[in-house]
Amino acid sequence: MAGKVFFGVSMSLDGFIAPESPEELMGQQWMELQQWIFPLRFFRENLKLGEGGEEGRDNDIARETHLRTGASVMGKRMFDAGEKMWPEEAPFHTPVFVVTHTKRDPWERPGGTTFHFVNDGIETALDQAREAAGDRDVRIAGGGATILEYVNAGLVDEFSIALSPVLFGSGIRLFEGVDAARVALEQVRAESSQRVTHLTYAVRQR
């Protein structure tokens, strides 16, 4: 049986998941959005930053999200930013399908990540990701515009938000332009930690 299609993001209290400019991603303000994940044992293991790190429910959720993912899909904007920032052993360790108009041969990285460049739309990318994932789930990794395309196309089954106690005032909103008349949500889970609140929703078509 095919797995679910899902996404998981960190979001500010006022609804932003990324800055307008990729150059701002590593700025101090936007690093606060991801502050919950940096100390985790799983994060340190996955990026080979050494031993140690915090355990607990945040760590469990980060690890569970990684383990359920059999393949990922992302947009070109996210890939372009990540290509500059990811270590040589990219943190996915599964096939990644990049939705783009750019033609490019698959890019294989150490550790099991291969980037495949898909030139004919989000549905083709998802079909390829489903096949690669087998019975595991497909993660729509981002960025915001790509996530929104999949939500509006009715192709997302579930999503999780790590709601961070920060305010930004501007940037890329997660649901800016959502076709709300077509999307209904059912809350699956809500869990709080000292740093964030994890919210999980099932997605239904109205």
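The values are calculated or read from the model by the stated rules, or taken from the named source; none is laboratory data. Not measured: the values here are computed from a predicted model. Cβ atoms come from the backbone with ideal geometry, glycine included; neighbour counts cover every protein chain shown. Ligands, DNA and RNA are excluded from the accessible area calculation, which covers all protein heavy atoms including side chains. Shrake-Rupley method; radii C 1.70, N 1.55, O 1.52, S 1.80 Å.
Taking region 152-206 and the strands (runs of 3 or more DSSP E) fully enclosed by it, the elements with 1 or more residues that are of a type outside the set (A, V, I, L, M, F, W, C), farther than 17 Å from Asp60 by Cβ and open to solvent by 40 Å² or more (accessible area, probe 1.4 Å) are at 183-192, 197-205. Residues that are out of contact with any Gly (no Cβ under 8 Å at 6 or more places or on another chain) and surrounded by 14 or more Cβ atoms within 10 Å (Cβ to Cβ) within region 39-56 comprise Asn46, Leu47, Gly53, Glu54, listed in sequence order. Hey, could you check region 1-31 for residues that are in contact with a Ser or Thr (Cβ under 9 Å, 6 or more places away or on another chain) and open to solvent by 60 Å² or more (accessible area, probe 1.4 Å) and say which is modelled with the lowest pLDDT? Among residues in region 1-31 that are in contact with a Ser or Thr (Cβ under 9 Å, 6 or more places away or on another chain) and open to solvent by 60 Å² or more (accessible area, probe 1.4 Å), the one modelled with the lowest pLDDT is Glu20. Set side by side, the residues Phe97, Phe117 differ, and just one is in contact with a strand residue (DSSP E or B) (Cβ under 7 Å, 6 or more places away or on another chain), aromatic (Phe, Trp, Tyr) and under 11 Å from Ala71 (Cα atoms), which is Phe97. Scanning region 120-138 for residues that are outside any helix (DSSP H, G or I) and farther than 14 Å from Thr69 by Cβ yields Asp120, Gly121.
Residue by residue, here is whether (1) at negative phi; (2) exposed (fewer than 15 other Cβ atoms within 10 Å of the Cβ) holds:
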{"position": "Arg77", "(1), (2)": "yes, no"}
{"position": "Met85", "(1), (2)": "yes, yes"}
{"position": "Gly121", "(1), (2)": "no, yes"}
{"position": "Leu126", "(1), (2)": "yes, no"}
{"position": "Glu131", "(1), (2)": "yes, yes"}
{"position": "Val138", "(1), (2)": "yes, no"}
{"position": "Gly143", "(1), (2)": "yes, no"}
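Restricting attention to region 91-111, does a residue exist that is without any contact (Cβ under 8 Å) to a residue 60 or more places away in the chain, of a type in the set (S, T, N, Q) and open to solvent by less than 30 Å² (accessible area, probe 1.4 Å)? Yes, there is a match, as at least one residue in region 91-111 is without any contact (Cβ under 8 Å) to a residue 60 or more places away in the chain, of a type in the set (S, T, N, Q) and open to solvent by less than 30 Å² (accessible area, probe 1.4 Å).
Given the structure, is Asp120 over 28 Å from Glu45 (Cα atoms) and touching a Phe, Trp or Tyr at 6+ places or on another chain (Cβ under 9 Å)? So Asp120 does not fit the description; no. For region 55-97, which positions are under 21 Å from Ile161 (Cβ atoms), modelled with pLDDT under 95 and not in a loop (DSSP other than H, G, I, E, B)? Arg77, Met78, Ala81, Gly82 - these are the residues of region 55-97 that are under 21 Å from Ile161 (Cβ atoms), modelled with pLDDT under 95 and not in a loop (DSSP other than H, G, I, E, B).
Against the list (1) in contact (Cβ under 8 Å) with a residue 60 or more places away in the chain; (2) touching a Lys or Arg at 6+ places or on another chain (Cβ under 8 Å), the condition Ala132 fails is (2).
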